[in-house]
Structures are given as C-alpha cells and as structure tokens.
Amino acid sequence: MIDNLLDRLRSFWAERRLDIHTRFNRTLPFGDYVVDRWEKARLLGFGEGASVYDSALVLGKVEVGAHSWIGPGVVLDGSGGLSIGAYCSISAGVQIYSHDSVAWALSGGEAPYEYSPTSIGDRCYIGPNTIIARGVRVGNGCIVGAGSIVLDSIADGSKAAGAPCRVVGLADVGRHRDG
C-alpha cells in the first residue's frame with residue numbers, strides 16, 4: 001500500500017514538474033506543486049489576491065494586505081503582531097520578526113522573550129534574504145535592498161540597504177515603472 005502511494009506521488013510530481021517547467025520554465029519544491037498559493041493566503045485571512053508560497057513559515061498574528069506576494073522560504077513571525085500592507089513584494093528568504101530572545105539568552109533564561117509589533121506599509125519591495133527585527137516599521141512605498149538587516153524604522157518613500165540597513169535615497173517609482 002505504501003509503495004503504491006509513493007509510486008502515485010512520484011508520478012504526480014513528475015507530471016506537475018514537467019507541466020510547470022514547460023509553461024513557466026521553473027522547478028519548485030514538492031509542496032508548491034500541491035498547494036495553491038492564493039488558497040493558502042485566503043485560509044490565513046490575507047487580503048484579496050494575496051499569495052504565499054507553501055515553503056513560507058507563518059507564525060502568530062500576521063495580517064497581509066490585498067495583492068501582496070510572499071515568496072518562497074519567507075519567515076513571517078507574528079507572535080508580537082505583524083502587518084504587511086497591500087501590493088507588497090516580500091522576496092525569497094526574507095525574515096520578518098516581531099519577537100526576539102536576546103534578553104532571555106543573555107540572562108540565562110531569566111528574562112522573558114521580548115515582543116513588539118512590526119509593520120510593512122503599502123507598496124513596499126523587500127529584497128531577498130533581508131532580515132527585519134521586531135518593532136521595526138517600514139513606511140509606505142519603500143524599497144529595502146537584498147541582504148539588508150533592518151534594525152530601525154524606515155520612513156515613507158525611502159530606499160534603504162545594508163547591514164545594518166541605512167536609508168540611501170528616495171524610492172523612485174517612475175524609474176522602476178519605466179524599466
């Protein structure tokens with residue numbers, strides 16, 4: 001019985017992999033061949049048209065606005081409250097936290113974990129492998145460069161990058177819209 005199930009799963013995977021590769025020139029982790037990204041977003045109560053990859057980890061109270069895209073391998077920690085606005089692109093490997101265990105670790109477990117709401121405004125692009133710490137607010141219309149470590153809030157309309165992340169200019173929507 002198990003062998004039959006494994007054979008059927010392998011056959012399903014091979015068919016889906018070929019179909020997706022032929023149509024979109026990509027291959028995916030197994031779960032993303034099975035899970036509908038938009039259905040997962042609806043199940044989580046995310047806004048209309050939002051999508052979240054199966055490989056994304058979603059913990060606690062996470063709110064996501066309409067038409068936002070949550071990429072593969074993302075961590076969304078809503079244990080202290082996390083909100084992401086509409087029309088956001090949260091790239092692969094991004095980690096957004098609303099708690100940390102720094103005081104707990106340094107105190108040998110005597111201090112509690114610390115929690116603070118974290119928020120990403122509307123129309124934001126968060127580049128791949130960015131880490132956003134608890135309590136940070138990324139304003140509306142921001143761009144955060146790949147690999148950034150965001151420890152402080154970022155004002156509306158900013159372009160920021162680095163480790164630690166710093167504002168490096170203004171987000172120029174026109175430049176990105178026109179290519």
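The values are calculated or read from the model by the stated rules, or taken from the named source; none is laboratory data. Here the structure is a predicted model, which is why all the values come from computation and not from measurement. Note that each Cβ is placed from the backbone with ideal geometry, even for glycine, and that neighbours are counted across all protein chains shown. Only protein heavy atoms, including side chains, enter the accessible area calculation; ligands, DNA and RNA are left aside. Shrake-Rupley method; radii C 1.70, N 1.55, O 1.52, S 1.80 Å.
The fraction of Cα-Cα pairs per 5 angstrom bin, counted from 0 for the range 1-104, comes to 3, 12, 18, 21, 14, 12, 10, 7, 3, 1, 0 percent, rounded to whole percents.
The charge dipole of the chain, taken about its Cα centre with unit charges on the Cβ of Lys, Arg, Asp and Glu (plus for the first two, minus for the last two), comes to roughly 420 debye. For the range 1-50, the C-alpha radius of gyration divided by 2.2 N^0.38 Å, with N the number of residues, is 1.42.
If one takes the longest principal axis of the Cα atoms in the chain, at what angle in degrees, from 0 to 90 and to the nearest 10, does the Cα axis of helix 2-24 lie? Once rounded, the angle reads 70 degrees. With only Cα atoms counted, the range 46-150 has Rg and Dmax values of 13.5, 44 Å. Over all projection directions, the Cα-based convex hull of the chain averages an area of 13.3 nm². Rg/Rh for the range 108-179 (Cα atoms only, Rh after Kirkwood) is 1.08.
Note that the range 27-44 has calculated 3J(HN,Hα) couplings of 10, 10, x, 3, x, 6, 7, 9, 8, 7, 4, 6, 5, 4, 5, 4, 4, 7 Hz, one per residue in order, obtained from phi through the Karplus relation 6.51 cos²θ - 1.76 cosθ + 1.60 (θ = phi - 60°); glycine and proline are x. Accessible surface for the chain, divided over its residues, is 57 Å² per residue with a 1.4 Å probe. Residue by residue, the range 103-113 carries 3J(HN,Hα) couplings of 4, 4, 5, 5, 8, x, x, 7, 7, x, 4 Hz when phi is fed to the Karplus relation 6.51 cos²θ - 1.76 cosθ + 1.60 (θ = phi - 60°); x denotes Gly or Pro.
Over the chain, with a Gaussian network built from C-alpha contacts below 10 Å, which listed residue (Ala155, Ala105, Ala163) shows the highest mean-square fluctuation? Result: Ala105 has the largest fluctuation of those listed.
Work out the FRET efficiency for His21 and Leu59 from their Cβ-Cβ distance, taking R0 = 30 Å, and round it to the nearest 0.05. Between His21 and Leu59 the formula returns 0.40. Within the accessible surface of the range 62-179, defined with a 1.4 Å probe on protein heavy atoms only, the carbon and sulfur portion equals 56 percent.
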